[in-house]
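No value in this document is a laboratory result; all are computed from the given coordinates. In this text, all values refer to a predicted model and were calculated from it rather than measured experimentally. A quick note on method: Cβ atoms are made from the backbone with ideal geometry, for glycine too, and the neighbour counts reach across all protein chains shown.
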Ligand SMILES: Cc1cc2nc3c(=O)[nH]c(=O)nc-3n(C[C@H](O)[C@H](O)[C@H](O)COP(=O)(O)OP(=O)(O)OC[C@H]3O[C@@H](n4cnc5c(N)ncnc54)[C@H](O)[C@@H]3O)c2cc1C
């Protein structure tokens, strides 16, 4: 059982401790860690389950629309992701994508947009996706080529997006496209595109190391009502960055959940594995490894809940969220690798808990800004000061 002392840190309030306890109990009863054979069906089922149980209310903003609060409670978001990740990577993914996919609507949607989409997202009745990346524009978002041209009361969208989580199962996508008000990042707008929009297609499904729905999307003269634009024309980059600013800290929290699970598994194994007349845990080499794992997790958790708390105080967290994501994802990778090593051959057997974690953690160091991008963000914020 994980050490839960961190729940008593001053960053958290009594309601957060209660939330974690209730979710942990619920997840123990309702979700399992196995990688699903039919990942689309499993993901749909998890979204419905998380919605019915009320957890998705924390992924959106606006009590009027079924949200848990009027502003997203970052600490609640982080605790939910950490707890779900500890139980099952796909459950964390299903929760996180409802938030990331609808985040731009929570933050920038018109009343009509919010009323149309957010209640269904919160109930788990509509699946959301966030479509920013393109084959030639990943880390370098401003290089995006997908374009939207205004034509009367609508925009006509042409181009492609790739690596889109929930691609293929989402009911709607928040899509970023070049609208040309200015060069580079200042000429982008954000739109809500319904899955059935004519001219919109799932061009390719992509299989990744830890299975979850992922796709490349194409837009061929796809017409979208102008009322589906989120925020001002040309402000799409700001919309994307503001959304990522909320959810980046929660990626750190998911990494923490994976790392805590790996440490639990490693501790239990080290205590009972007999070798050379004692247990694996009796060796000082093992103890040093366990100490390093636990210390890394606490350091990452401090940065994560500091960033979440700071955001909940209404402060800017660009640097703090980047520090949290960088540290938590890199630390989790090391912790999980150490756990695999302690399990010996068992650690690399398909679907062993630590083998699953080894696959789950890898892409967190790449998406929502690779570790190198986080380093640049931190340095940029320092040099600006
Ligand atoms: C599993 C998964 C799910 C994803 N889900 C989504 C999604 O839902 N929506 C979405 O829009 N996108 C999504 N992405 C895309 C993700 O955000 C991009 O993969 C990421 O931004 C990196 O872009 P890229 O793959 O084009 O790599 P590149 O931009 O080509 O970068 C390759 C590598 O170069 C290095 N690098 C980058 N910048 C620098 C630099 N300045 N200096 C030195 N090194 C650098 C980093 O190590 C980086 O990993 C997902 C990706 C994955 C793997």
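Some observations on this one:
- Contact order for the chain, expressed relative to its length and based on alpha carbon pairs under 8 Å spaced 6+ residues apart, stands at 16 percent.
- When the chain is reduced to its Cα atoms, the Kirkwood hydrodynamic radius in Å: 21.3 Å
- When both bridge partners sit in the range 51-185, DSSP labels roughly 55% of those beta bridges antiparallel.
- Whole-angstrom gap from the range 217-240 to the range 95-131, using each part's C-alpha centre: 15 Å
- Rounded to 10°, Cα long-axis angle of helix 284-312 versus longest principal axis of the chain: 30 degrees
- In the chain, the longest principal axis of the Cα atoms and the axis of helix 14-30 are about 80 degrees apart.
- Prolate/oblate/rounded call for the range 252-323, Cα gyration tensor, a/c under 1.5 rounded: prolate
- Taking Cα atoms only, the orientation of helix 111-123 departs from the longest principal axis of the chain by about 30 degrees.
- Per-residue ellipticity at 222 nm computed for the chain from its helices equals -17500 deg cm²/dmol, with DSSP H segments shorter than 4 residues left out and the rest contributing -39,500 (n - 2.57).
- Nearest-0.05 FRET efficiency for residue 32 and residue 299, computed from C-beta distance (R0 25 Å): 0.25
- All distinct Cα pairs of the range 174-306 go into the 1/r average, and the inverse of that average, the Kirkwood radius, is 19.3 Å.
- Note that the range 151-193, at 4 °C in a medium of 1.567 mPa s, gets a Stokes-Einstein diffusion coefficient of 109 µm²/s from its Kirkwood radius over C-alpha pairs.
- Using the Cβ-Cβ distance between residue 292 and residue 264 with R0 set to 22 Å, the FRET efficiency works out to roughly 0.90.
- For the range 300-349 versus the range 138-167, the gap between their alpha-carbon centres in whole angstrom: 31 Å
- Taken along the Cα-to-beta-carbon direction at a fixed 7 Å, the label points for residue 351 and residue 370 span 3.3 nm.
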